[in-house]
Amino acid sequence: SFTYIGGGEPVDLPEKKKSDICTIMYTSGTTGDPKGVMISNESLLINLAGADSVVQSIGEAFDQDDVYLSYLPLAHVFDRMFEEVFISHGSRIGFWRGDVKLLVDDIAALRPTVFCAVPRVLDRIYSGLTTKISAGGILKKTLFNLGYKMKLDSMKKGIKHEKASPFFDKLVFSKVKERLGGKIRIIVSGGAPLAVAVEEFLRVVTCAHVVQGYGLTETCAGSFAAIPNEFSMAGTVGPPVPHIDVRLESVSEMGYDALASIPRGEVCVKGSVLFSGYYKREDLTQEVLTDGWFHTGDVGEWQPNGALKIIDRKKNIFKLSQGEYVAVENLENIYGVLPEIDSIWVYGNSFESFLIAVINPNQQALENWAGQNGVTGSLAELCENAKTKEHFIAELAKAAKEKKLKGFEFVRAVHLDAVPFDMERDLITPTYKKKRPQMLKYYQGAIDALYKSSK
């Protein structure tokens, strides 16, 4: 046999050092060409131990009975690290079919105990559930709303989700859990900020721990993790994991002061978990590493409870012609929660005085609205209809008023695209992050037309 023949040819494997490069992971390339991130054996192992530590801190533990659903790209650090966590515990891993529209069906079939997701997918699950609830009968809706309010109130008082409302868990929310396979106990969100409304909803209805985390390829994935039963941490990425040091650095040009009463600034991370540099790009490595501190490019705000809230991105800010700065990701998070919207890209520049947006409408919500308002046509025709665009601008304005946004943060014109932002057109990364330079190039004609017609 192969092993018998090989047994007579012993090979001495080289001794591994903790500083040896274990793998090269590539960044998503949202701001330029992907960079090869060199990750050492030490960084990887510290990260795996850190994941176990975080899970144990909430009274849970991974073991061989766990089932993990892998649907994120295998070349992405988020999925890669979680797979290695479960391999280290002898757990089972299932892979999705590759169609995001069938993802909930894949979850129901595999019946995972742990599910890791990016906000766009959780937004889709949230929209699907809320639409189904709204379409139900008065009795079902009343029962759901009553159970939701009672459980939410209990959880806000500090009661753990499994003890907050056992009666309504069994009567109402168990149906949601069954739709997600019936065994799910931990949902992890990462890759982008998760809207508070979505996180709150999932914490209540899924009967599972919902953990929002934060990390980058350069930090070997997870650097922060929210404590799920601490309801005050909803909307934050939680405190730092045990194996890193963190500090905020003032960003004066954006008005962020790390020494203010509410500290705000660029998130900087230090520790053995950090990457060993960009492959063959020492120049880029030196740009982001200063005295051992990795500058993430994200702007955070320390909360009184020790959690961090990601509030901005140094590179995703622009100035309008009247001199007002716009933090575009924050606006997209606010507008993107609307049930009428699957995805939104907000745009502005220093030559214009107002914002515009390109929107992927939610097909079911749009068709329901069209039927109720006497607007006919295919999805593409509905997207071109002036009445439809007026409806979306009105809904955006309503959301802006509810969130008390400033006048210049309102979206004044929209382009509706029936085709979702996709990788085929190079508009998003495999983890659904928007490639802003590519989106600008692709939609330049529509943008020019919006500004011209709105003046």
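Descriptive notes on the structure:
- Flag if Val37 is in a helix (DSSP H, G or I), surrounded by 18 or more Cβ atoms within 10 Å (Cβ to Cβ) and either at pLDDT 85 or above or touching a helix residue (DSSP H, G or I) at 6+ places or on another chain (Cβ under 7 Å) (or both): no
- Gly374 meets all of the listed conditions (1) under 25 Å from the mean Cα position of the chain (by Cα); (2) modelled with pLDDT under 95 but one, namely (1).
- Any hit, region 150-164, residues being over 30 Å from Met38 (Cα atoms), buried (at least 21 other Cβ atoms within 10 Å of the Cβ) and either of a type in the set (A, V, I, L, M, F, W, C) or in the same structural domain as Gln364 (by TED's automatic domain parsing) (or both): yes
- Test: residue in region 9-19 that is assigned to a helix (DSSP H, G or I), in contact (Cβ under 8 Å) with a residue 60 or more places away in the chain and closer than 20 Å to Gly277 by Cβ: no
- Hey, Leu143 more than 30 Å from Thr219 (Cα to Cα) and without any contact (Cβ under 8 Å) to a residue 24 or more places away in the chain or not: no
- Exclusive hit being surrounded by fewer than 19 Cβ atoms within 10 Å (Cβ to Cβ), in contact with a helix residue (DSSP H, G or I) (Cβ under 9 Å, 6 or more places away or on another chain), without any contact (Cβ under 8 Å) to a residue 12 or more places away in the chain and assigned by TED's automatic domain parsing to the domain that holds Ser189, set Ser134, Ser88: Ser134
- So Asp312, is it out of contact with any Lys or Arg (no Cβ under 7 Å at 6 or more places or on another chain) and free of Cβ contacts under 8 Å to residues at least 12 places away in the same chain: no
- Yes/no for Arg111 being within 23 Å of the chain's Cα centre (by Cα), surrounded by fewer than 19 Cβ atoms within 10 Å (Cβ to Cβ) and without any contact (Cβ under 8 Å) to a residue 40 or more places away in the chain: no
- Scanning region 175-218 for residues that are hydroxyl-bearing (Ser, Thr, Tyr) and surrounded by 24 or more Cβ atoms within 10 Å (Cβ to Cβ), we see that the one that is nearest to Asn145 (Cα to Cα) is Ser189.
- Test: residue in region 145-159 that is out of contact with any Leu (no Cβ under 7 Å at 6 or more places or on another chain), of a type outside the set (Asp, Glu), over 29 Å from Asp63 (Cα atoms) and not in a helix (DSSP H, G or I): yes
- The set of residues in region 441-455 that are more than 29 Å from Asp79 (Cβ to Cβ) and either modelled with pLDDT of 90 or more or buried (at least 17 other Cβ atoms within 10 Å of the Cβ) (or both) comprises Tyr443, Gln444, Gly445, Ala446, Ile447, Asp448, Ala449, Leu450, Tyr451, Lys452, Ser453.
- Residue pairs meeting the criteria (Cβ under 9 Å; at least 6 apart or on separate chains; first assigned by TED's automatic domain parsing to the domain that holds Ala221 and surrounded by fewer than 19 Cβ atoms within 10 Å (Cβ to Cβ), in region 61-74; second part of a loop (DSSP other than H, G, I, E, B) and of a type in the set (Val, Ile, Thr)): Asp65/Thr113; Val67/Thr113; Pro73/Thr429; Pro73/Thr431
- Total residues in region 54-99 satisfying the condition of being part of a strand (DSSP E or B) and of a type in the set (S, T, N, Q): the figure is 1.
- Residue within region 49-68 that is modelled with pLDDT of 95 or more and under 20 Å from the mean Cα position of the chain (by Cα) present: yes
- A count restricted to region 261-290 and to residues that are exposed (fewer than 14 other Cβ atoms within 10 Å of the Cβ) and free of Cβ contacts under 8 Å to residues at least 60 places away in the same chain stands at 7.
- The numbered conditions (1) at pLDDT 95 or above; (2) surrounded by 19 or more Cβ atoms within 10 Å (Cβ to Cβ) are all true for Phe354 except (1).
- Some residue of region 362-379 being among the acidic types (Asp, Glu) and under 30 Å from Gly300 (Cα atoms): no
- Within region 442-455, tally of residues that are assigned to a helix (DSSP H, G or I), over 23 Å from Gly191 (Cβ atoms) and without any contact (Cβ under 8 Å) to a residue 60 or more places away in the chain: 6
- A count restricted to region 250-308 and to residues that are within 24 Å of the chain's Cα centre (by Cα), farther than 22 Å from Gly36 by Cβ and assigned to a helix (DSSP H, G or I) stands at 1.
The values are calculated or read from the model by the stated rules, or taken from the named source; none is laboratory data. Everything quoted here is computed from the prediction, not taken from an experiment. Using ideal geometry, Cβ is built from the backbone for each residue, glycine included, and neighbour counts are taken over all protein chains shown.
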